[in-house]
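So that we are looking at the same thing, I have put the structure below in structure tokens.
The values are calculated or read from the model by the stated rules, or taken from the named source; none is laboratory data. Given the structure is predicted, the values throughout are model-derived calculations rather than measurements. FYI the Cβ positions are ideal-geometry reconstructions off the backbone, even for glycines, and counts take in every protein chain you see. Ligands, DNA and RNA are stripped out before the accessible areas are found, and what is left, the full protein with its side chains, is counted by its heavy atoms. Shrake-Rupley method; radii C 1.70, N 1.55, O 1.52, S 1.80 Å.
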Amino acid sequence: TTLRTISGLVKAKSGSITYNNEQLLGKPINAILAAGIAQVPEGRRVFPDMTVLENLKIGAYLRKDKEEIEKDIEWVYELFPRLKERNRQLAGTRRNQPAGTLSGGEQQMLAVGRGLMSRPKVLMMDEPSLGLAPLVVQGIFDIIREINRQGVTILLIEQNANMALKIADLAYVLETGTITMSGTGAELLADEKVKEAYLGKKRGK
């Protein structure tokens, strides 16, 4: 709900959302995206009948700089070499592989890549590890680190507390919509209450 409200998909009944001293509430979704805020939705939500490349280009639909778009597609392929492999023609056909035939991990990569194609300053990610195998989850979190290292701020909603806190600069624990704890990722990772409630560890262990 928090991310959807920031994106303009949900209308807040009260309060305010400011970004760079600018009020976002009431702005249309395309204006929020143009301001530099993009969202990778829960459940990936790729366009299944479109190809990998078509999905990526949709992420850049507000942009007009065709040469830079092509460069960013190559950047996404560098981050996710698997997507470049999947952007090929199906055997015996002239049709490129549709996104709906990708594995769950590959679809998550595509959803992240699509979000990056708008050149966001802030990339909001909703449960990127949901339903993925542990090895795939590790790869996704490695990419999140790399995207952040390249200058994109990440706002991450994630129930895998252990993985999230290991990479977070700042962390917040929400319970029924209320912030109950906050601090650096390292601080919360070491907190006994967090260990017991979210990491499955008993106090003192």
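With surrounded by 17 or more Cβ atoms within 10 Å (Cβ to Cβ) and either of a type outside the set (Phe, Trp, Tyr) or assigned to a helix (DSSP H, G or I) (or both) as the only criterion, which of 76, 10 stands out? Working first, answer last.
Values: 10 fails: surrounded by 17 or more Cβ atoms within 10 Å (Cβ to Cβ).
One residue alone meets the criteria, 76.
With the checklist (1) out of contact with any helix residue (DSSP H, G or I) (no Cβ under 6 Å at 6 or more places or on another chain); (2) assigned to a loop (DSSP other than H, G, I, E, B); (3) within 17 Å of residue 124 (Cα to Cα) in hand, flag the one item residue 4 doesn't pass.
That leaves (2) as the condition not met.
Has the stretch 13-23 got any residue that is surrounded by 15 or more Cβ atoms within 10 Å (Cβ to Cβ), in a loop (DSSP other than H, G, I, E, B) and at pLDDT below 90? Talk me through it step by step, then tell me what you get.
Step one: of the stretch 13-23, the residues surrounded by 15 or more Cβ atoms within 10 Å (Cβ to Cβ) are 17, 19.
With the extra rule that they be in a loop (DSSP other than H, G, I, E, B), the set shrinks to 17.
Filter once more, so that each one left must be at pLDDT below 90: none.
No, every residue in the stretch 13-23 fails to be surrounded by 15 or more Cβ atoms within 10 Å (Cβ to Cβ), in a loop (DSSP other than H, G, I, E, B) and at pLDDT below 90.
When you check residue 106 against the structure, is it open to solvent by less than 30 Å² (accessible area, probe 1.4 Å) and at positive phi, yes or no?
Judged against the criteria, residue 106 is not a match.
Something else about it: Tally time: how many residues in the stretch 116-146 are aliphatic (A, V, I, L, M), modelled with pLDDT of 85 or more and over 10 Å from the mean Cα position of the chain (by Cα)?
3
With the structure loaded, tell me whether residue 63 is among the charged types (D, E, K, R) and under 19 Å from the mean Cα position of the chain (by Cα) or whether it fails that test. Walk me through how you get there before you give the answer.
Working: among the charged types (D, E, K, R): yes; under 19 Å from the mean Cα position of the chain (by Cα): no.
Answer is no for this residue.
Follow-up. Which pairs have Cβ atoms under 6 Å, sit 6 or more apart or on different chains, and link a residue in the stretch 174-201 that is under 26 Å from residue 4 (Cα atoms) to one that is among the small types (Gly, Ala, Ser) and open to solvent by less than 90 Å² (accessible area, probe 1.4 Å)?
185/168; 185/171; 188/171; 198/161
A further question follows. Quick test for you: out of 120, 134, 98, pick the one residue that is under 21 Å from residue 42 (Cβ atoms) and open to solvent by less than 30 Å² (accessible area, probe 1.4 Å). It would help to see each step written out before you state the result.
Working: 134 fails: open to solvent by less than 30 Å² (accessible area, probe 1.4 Å); 98 fails: under 21 Å from residue 42 (Cβ atoms).
Going through 120, 134, 98 in turn, just one is under 21 Å from residue 42 (Cβ atoms) and open to solvent by less than 30 Å² (accessible area, probe 1.4 Å): 120.
For the stretch 146-165, how many residues meet the condition of being without any contact (Cβ under 8 Å) to a residue 24 or more places away in the chain and either surrounded by 13 or more Cβ atoms within 10 Å (Cβ to Cβ) or under 24 Å from residue 179 (Cα atoms) (or both)? Quick ask: steps written out before the conclusion?
In the first step, residues of the stretch 146-165 are kept if they are without any contact (Cβ under 8 Å) to a residue 24 or more places away in the chain; the result is 148-151, 164.
If we keep only those that are either surrounded by 13 or more Cβ atoms within 10 Å (Cβ to Cβ) or under 24 Å from residue 179 (Cα atoms) (or both) as well, we get 148, 164.
Final tally of qualifying residues: 2.
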